[in-house]
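Notes for the one structure printed next.
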Amino acid sequence: MIRIANAPSGIPIASLKGKQREIYLAMQASSEIFYYEEAAILLFELILRENIIKAALELNKSGAVFTSFEYSAFNPAYWVRSSYGYLLRPDVLPSEAIRDIFVNGKKYGFECSTAMIIIYYKAVLDSIRESDFNYLFGGLLVWNWNNDPDLVIITRSGREFIPGDIVYFYNPDYQLPIWRGENGVVLGNDQYYGHGIGVKTAKGMIESLNTRRRPGAQRSAYMLNQHSRLNARYLFRFSKKQLLFREKG
């Protein structure tokens, strides 16, 4: 359920289109209370979540390979490999390095949790002022769930998730460690994007993981009772459309 301090009746649903409308309706139908000090923050979160979904679909088409750290690759023009991840080169902007992953995906290879963080960075880049993005995220280290403190990720229990959230499909009897599970971006309409599996329903994700169990495995993969999301309230202050939002609000 949505609650806005300066707009008790919410915002006009007719003003929302496509994925933003779908996200708004999911939030409104949820038993969770989504409280906002002003309508502008809600509008920013709708855009941020829409950009998360767009980034997931773009990464799916980028040509980036699913692989372990041992066989991983990042474009050396932007990234330097270390023993614990890939560091942003000091002579490039964070915005340029993140965009390169989506433009030159065939030069990259990483596993699914790294993919989720990359998707988050791209969505934030598309949602806030580029100068602020470069200020906030200088010196990036990318691998697994490593992330800059300004990429504030909230993880909570429950399955009442919203499009743009990230969920996790756990595979208890995995054969190879890389298939221990699969992070999935909630795209809406029972569709999820997982790097290495692609876009599938929840059932499809589970079935795919079940083909990657050790011989004789008896336990099925399943979705964990948790979901993760970005802190839109914190990021709103850097929104490139902040003043326009406030005029509309």
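The values are calculated or read from the model by the stated rules, or taken from the named source; none is laboratory data. Computed from a prediction, not measured in an experiment: that's the story for all the values here. Methodologically, a virtual Cβ is constructed for each residue, glycine included, from the backbone with ideal geometry; neighbour enumeration extends over all protein chains shown. Ligands, DNA and RNA are stripped out before the accessible areas are found, and what is left, the full protein with its side chains, is counted by its heavy atoms. Shrake-Rupley method; radii C 1.70, N 1.55, O 1.52, S 1.80 Å.
When the chain is treated as a GNM, springs tying every alpha-carbon pair under 10 Å, which of Lys17, Lys107, Lys61 comes out with the largest mean-square fluctuation? Highest fluctuation among the options: Lys17.
Helices in the chain, meaning DSSP H runs of at least 4 residues, each add -39500 (n - 2.57). Divided by all residues, the mean residue ellipticity at 222 nm is -10500 deg cm²/dmol.
Residues with beta-carbon under 15 Å from that of Leu176, excluding Leu176: net charge, scoring Lys, Arg +1 and Asp, Glu -1? Show your work: numbers first, answer last.
On the way: positive: Arg180, Arg212, Arg213, Arg214; negative: Glu70, Glu111, Asp173, Glu182.
Net charge around Leu176: 0.
Counting 0.36 nm for each residue step from Asn104 to Ile154 and taking away their Cα separation leaves a gain of 15.0 nm.
Taking Asp165, Asp148, Asp91 in turn, the Gaussian network model of the chain (Cα-Cα springs below 10 Å) assigns the largest fluctuation to Asp91. Local charge for Gln28 was computed over the other residues whose Cβ lies under 14 Å away, with Lys and Arg +1 and Asp and Glu -1, and equals -1. Across the chain, C-alpha contacts under 8 Å between residues 6 or more apart give a mean separation that, scaled by the residue count, equals a relative contact order of 21 percent.
Enumerate by residue number the GluC sites (Glu not before Pro) in the stretch 6-43 meeting two conditions: DSSP loop (anything except H, G, I, E, B), and at most 16 other Cβ atoms within 10 Å of the site's Cβ. Answer in residue order: Glu32, Glu37, Glu38. The simple spin-label model puts a point 7 Å past each Cα toward its Cβ; for Ala73 and Ala5 those points are separated by 5.1 nm.
Anything in the chain that counts as a DSSP H helix reaching 15 Å or more along its axis (C-alpha) with Kyte-Doolittle mean of at least -1.0? List them, would you? Please report the intermediate quantities before stating the final value.
Details: long enough: 18-29 (17 Å, -0.57); 39-61 (34 Å, 0.91); 112-125 (20 Å, 1.54).
Membrane-span-like by this criterion, though nothing is claimed about a membrane: 18-29, 39-61, 112-125.
Based on protein heavy atoms only, the stretch 1-44 ends up with 50 Å² per residue of surface accessible to a 1.4 Å probe.
Note on Leu25 and Glu38: their simple-model spin labels are 2.9 nm apart, each label 7 Å out from Cα toward Cβ.
Sparsely packed loop sites in the stretch 111-183 (the trypsin sites (Lys or Arg not before Pro) outside DSSP H, G, I, E and B with at most 12 other Cβ atoms within 10 Å) comprise Arg159.
What trypsin sites (Lys or Arg not before Pro) does the stretch 181-229 have in DSSP loop regions with at most 13 other beta carbons within 10 Å?
Working: sites: Lys200, Lys203, Arg212, Arg213, Arg219, Arg229; in loops: Arg212, Arg219.
Of the trypsin sites (Lys or Arg not before Pro), the ones in loops of the stretch 181-229 whose Cβ has at most 13 other Cβ atoms within 10 Å are Arg219.
Mean sequence separation of contacting Cα pairs (under 8 Å, at least six apart), scaled by the length of the stretch 55-134, corresponds to a relative contact order of 41 percent. In whole angstrom, how far apart do the alpha carbon centroids of the stretch 193-240 and the stretch 66-92 sit? Between the Cα centres of the stretch 193-240 and the stretch 66-92 lies a distance of 24 Å. Under a 10 Å cutoff between Cα atoms, tell me which one of Glu58, Glu111, Glu70 has the largest fluctuation in the Gaussian network model of the chain. For the chain, modelled as a Gaussian network with Cα springs under 10 Å, the answer is Glu70. Stretching Asn144 away from Glu207 to a fully extended chain increases their span by 20.3 nm, per 0.36 nm per residue minus the current alpha-carbon distance.
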